[in-house]
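*Asks:* Dropping a structure here in structure tokens format, bear with me for questions.
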Amino acid sequence: MVRALALSAALIAATPLFAKEGHEAVTTFTLDNGMDVVVVEDHRAPVVQHMVWYRAGSADEPIGSSGVAHFLEHLLFKGTDTMEPGELSATVAANGGNDNAFTSYDYTAYFQRVAADRLELMMRMEADRMRNIRLTENDIATERDVILEERNQRTENNPRSLFGEQMSAAQYLNHRYGVPIIGWKHEMEELDMGDALSFYQTHYAPNNAILVVTGDVDPDEVKTLADQYYGVIPANPDLPERVRSQEPPQTAERRLTYKDARVAQPYVQRSYLAPERDAGAQEKAAALYLLAELLGGGTTSYLNEKLQFDQHKVVYTGAFYRGVSLDDTTFDLIVVPAEGVSLQEAEDAMDQAVADFIAEGVNEDDLNRIKMQLRAAQTYARDNVDGIGNRYGRALTSGLTVEDVQAWPDIVQGVTGDEIIAAAREVLQPETSVTGWLMRDDEVTQ
């Protein structure tokens with residue numbers, strides 16, 4: 001479901017939320033123009049990561065303009081009233097840092113990682129391009145060619161990517177998650193100045209953005225700088241409500257085969273429509289997260305033990321759950337058959353193994369081992385200012401709160417085996433699934 005962002009109950013002044021054992025020291029506040037700010041302190045190294053996350057991704061694009069969110073991401077590295085094209089990145093590099101940007105279904109983010117004493121410079125430049133971009137028709141033509149070539153390299157030349165697009169398009173009957181983030185090629189070819197500026201003027205505003213600053217910083221200093229550079233940018237009074245077309249009830253399982261002469265290794269993929277992490281109610285998502293780890297999280301997972309080591313029917317298994325999402329996400333299974341094993345045999349073996357797992361229940365030793373590994377990974381993740389900033393930015397642009405991010409590790413640790421099996425029974429339903437076979441041209445389907 002679509003959820004509104006709520007960083008905390010009261011964000012009038014800078015408010016430290018967490019600084020206890022096992023959690024980052026997090027401070028949040030909201031500028032007068034509606035821009036939300038999250039500061040995560042880590043004073044072990046004189047480094048800062050400065051990120052601006054917009055609550056606008058490819059799933060927020062107008063119908064018929066697929067790819068415009070990613071297109072605009074490219075265009076923001078062009079000039080502004082005060083910066084020449086490429087000057088921002090060149091300045092970051094000259095100051096010993098690095099920068100980039102990325103687009104997903106639910107957000108677009110821009111970041112710079114630099115020495116802590118360069119934070120003000122980063123804010124000044126990023127705030128400038130929030131509202132002062134200047135584009136020429138040559139910029140549009142050049143970057144349109146760039147994104148089309150990116151699609152050629154990453155998608156058109158990769159049968160796995162083309163197969164994945166077809167899987168998503170079949171999974172989502174009505175939601176924009178069924179459209180590729182980079183866009184459909186025929187629509188990308190038609191993107192123009194009007195499309196880019198319309199998306200920019202609608203969504204690139206402080207009241208649709210979250211500033212996430214992590215590293216060797218003082219929250220009061222961040223607030224002073226944020227007020228100085230971002231606080232003077234007017235809010236967009238016409239910011240549209242973030243409403244998306246939702247999925248109707250899915251009542252029929254779907255199947256597809258994708259054949260391509262370039263396929264080196266055929267495989268079976270199954271996706272199920274699944275609930276995402278919801279603010280204040282993450283328990284079911286935590287159970288699905290652990291289900292994915294138990295079923296296909298590595299060489300000791302249930303599917304791998306059964307299908308690769310015991311039966312020798314596959315050479316790879318995987319289970320994946322993408323819980324951080326504004327709307328319904330997917331739970332995916334993949335099996336790669338061994339030499340001499342057909343795709344049908346591999347699929348049948350996968351289905352039987354999943355049925356056996358549900359019937360047998362969760363092995364408590366396996367569950368405890370995975371929980372211990374996850375706890376260790378979460379602890380190590382606190383050493384990475386990039387990872388910390390991404391964790392909070394992805395969550396907050398996807399409808400979660402700071403409190404949800406902080407609560408997640410303990411919620412995962414509290415999930416029981418019975419809750420995992422209950423989640424499996426609820427989500428792994430044929431009528432909400434898509435099964436795909438990626439095949440070579442010369443293969444038969446039986």
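*Asks:* Measure nothing but the geometry: give the 0 to 90° angle between the long axis through the Cα atoms of 137-151 and the longest principal axis through the Cα atoms of the chain, rounded to 10°.
*Replies:* Once rounded, the angle reads 20 degrees.
*Asks:* Please state, to two decimals, what the Cα-based radius of gyration of the range 42-94 comes to when divided by 2.2 N^0.38 Å (N = residues).
*Replies:* Numbers: Rg = 15.3 Å, N = 53, 2.2 N^0.38 = 9.9 Å.
Relative to the 2.2 N^0.38 Å estimate, the range 42-94 comes out at 1.54.
*Asks:* Okay, next question. Where the centre of each part is set by its Cα atoms, how far does the range 95-139 sit from the range 23-81, in angstrom?
*Replies:* 9
*Asks:* Which order do the peptides 251-262, 273-284 come out in when sorted by mean C-beta neighbours inside 10 angstrom, highest first? Write out the running numbers ahead of the final one.
*Replies:* Details: 251-262: 13.0, 273-284: 18.7.
Result, highest mean Cβ count within 10 Å first: 273-284, 251-262.
*Asks:* A further question follows. Let's see if you can work this out: charge +1 on each Lys and Arg Cβ, -1 on each Asp and Glu Cβ, no other charges. What is the dipole magnitude of the chain about its Cα centre, in debye to the nearest 20? Spell out each step's value before the answer.
*Replies:* Numbers: 38 positive and 72 negative charges, 17 e Å.
Rounded to the nearest 20 debye, it is 80 debye.
*Asks:* Just to confirm the number: angle between the C-alpha axis of helix 193-203 and the first principal axis of the chain, 0 to 90 degrees, nearest 10?
*Replies:* Once rounded, one gets 80 degrees.
*Asks:* Could you work out the local net charge near VAL68, counting Lys and Arg as +1, Asp and Glu as -1, over the other residues with Cβ closer than 9 Å to its Cβ? Please report the intermediate quantities before stating the final value.
*Replies:* Working: positive: none; negative: GLU61, GLU187, ASP195.
Once all neighbours under 9 Å are counted, the net charge is -3.
*Asks:* Residue by residue through the range 80-86, which ³J(HN,Hα) values in whole Hz follow from phi under the Karplus form 6.51 cos²θ - 1.76 cosθ + 1.60 (θ = phi - 60°), with glycine and proline marked x?
*Replies:* 10, 4, 10, 10, 6, x, x
*Asks:* Determine the per residue accessible area of the range 271-340 with all protein chains present and a 1.4 angstrom probe, expressed in square angstrom.
*Replies:* 37
*Asks:* I would also like to ask the following. Given the rule -39500 (n - 2.57) for each run of at least 4 DSSP H residues, summed and divided by the residues of the chain, what is its mean residue ellipticity at 222 nm, to the nearest 500 deg cm²/dmol? Show your work: numbers first, answer last.
*Replies:* Values: 14 runs with 170 residues, N = 446.
Helix-only estimate at 222 nm: -12000 deg cm²/dmol.
*Asks:* For the range 74-167, what % of the accessible area comes from carbon and sulfur atoms, probe 1.4 Å?
*Replies:* On the way: 1700 of 4100 Å².
Result for the range 74-167: 41 percent of the exposed heavy-atom area is carbon or sulfur.
*Asks:* Another question, if that's okay. How far apart, in nanometres, would the label points at LYS259 and GLU150 be if each is projected 7 angstrom from Cα along the Cα-to-Cβ direction?
*Replies:* With each label point 7 Å from Cα toward Cβ, the separation is 3.4 nm.
*Asks:* Leaving ligands, DNA and RNA out of it, work out the accessible area of VAL47 with a 1.4 Å probe and give it in Å² to the nearest 10.
*Replies:* 50
*Asks:* Given a 1.4 Å probe and every protein chain left where it sits, what share in percent of the accessible area of the range 324-446 is carbon and sulfur?
*Replies:* Details: 2540 of 5230 Å².
Percent of accessible area from carbon and sulfur atoms in the range 324-446: 49.
*Asks:* Another question about this same structure. Might you tell me the accessible area per residue for the range 99-237, computed with a 1.4 Å probe and given in Å²? Mind showing how you got there, number by number?
*Replies:* On the way: 5600 Å² over 139 residues.
I get 40 Å² per residue for the range 99-237.
*Asks:* So if each residue of separation counts as 0.36 nm, and I subtract the Cα-Cα distance between ALA116 and ASP418, what length gain in nm does that give? Before the final figure, lay out the partial values.
*Replies:* Numbers: separation 302, 0.36 × 302 = 108.72 nm, distance 4.70 nm.
Going from the current span to full extension adds 104.0 nm.
*Asks:* Take the Cβ-Cβ distance between ASP356 and ARG44 as r, set R0 to 45 Å, and report the resulting FRET efficiency rounded to the nearest 0.05.
*Replies:* Details: r = 47 Å, r/R0 = 1.04.
It comes out at approximately 0.45.
*Asks:* Return one number: the angle in degrees, 0 to 90 and rounded to the nearest 10, between the long axis of the Cα atoms of helix 402-414 and the longest principal axis of the Cα atoms of the chain.
*Replies:* 20
*Asks:* I would also like to ask the following. Compute the distance from the alpha-carbon center of the range 322-352 to that of the range 222-278, in whole Å.
*Replies:* The distance from the Cα centre of the range 322-352 to that of the range 222-278 comes to 21 Å.
*Asks:* Expressed as a whole percentage, what fraction of the accessible surface of the range 211-299 belongs to carbon and sulfur atoms when a 1.4 Å probe is rolled over the protein heavy atoms?
*Replies:* On the way: 2090 of 4060 Å².
Carbon plus sulfur share of accessible area: 51 percent.
*Asks:* What does the extension gain come out to for THR379 and ASP227, with contour length at 0.36 nm per residue minus their alpha carbon separation?
*Replies:* Values: separation 152, 0.36 × 152 = 54.72 nm, distance 3.25 nm.
Taking THR379 through ASP227 to full extension adds about 51.5 nm, to one decimal.
The values are calculated or read from the model by the stated rules, or taken from the named source; none is laboratory data. Since the structure is predicted, the reported quantities are computational estimates derived from the model, not experimental observations. Backbone-built Cβ (ideal geometry, glycine too); neighbour counts: all protein chains shown. With ligands, DNA and RNA removed, areas are computed over all heavy atoms of the protein, side chains included. Shrake-Rupley method; radii C 1.70, N 1.55, O 1.52, S 1.80 Å.
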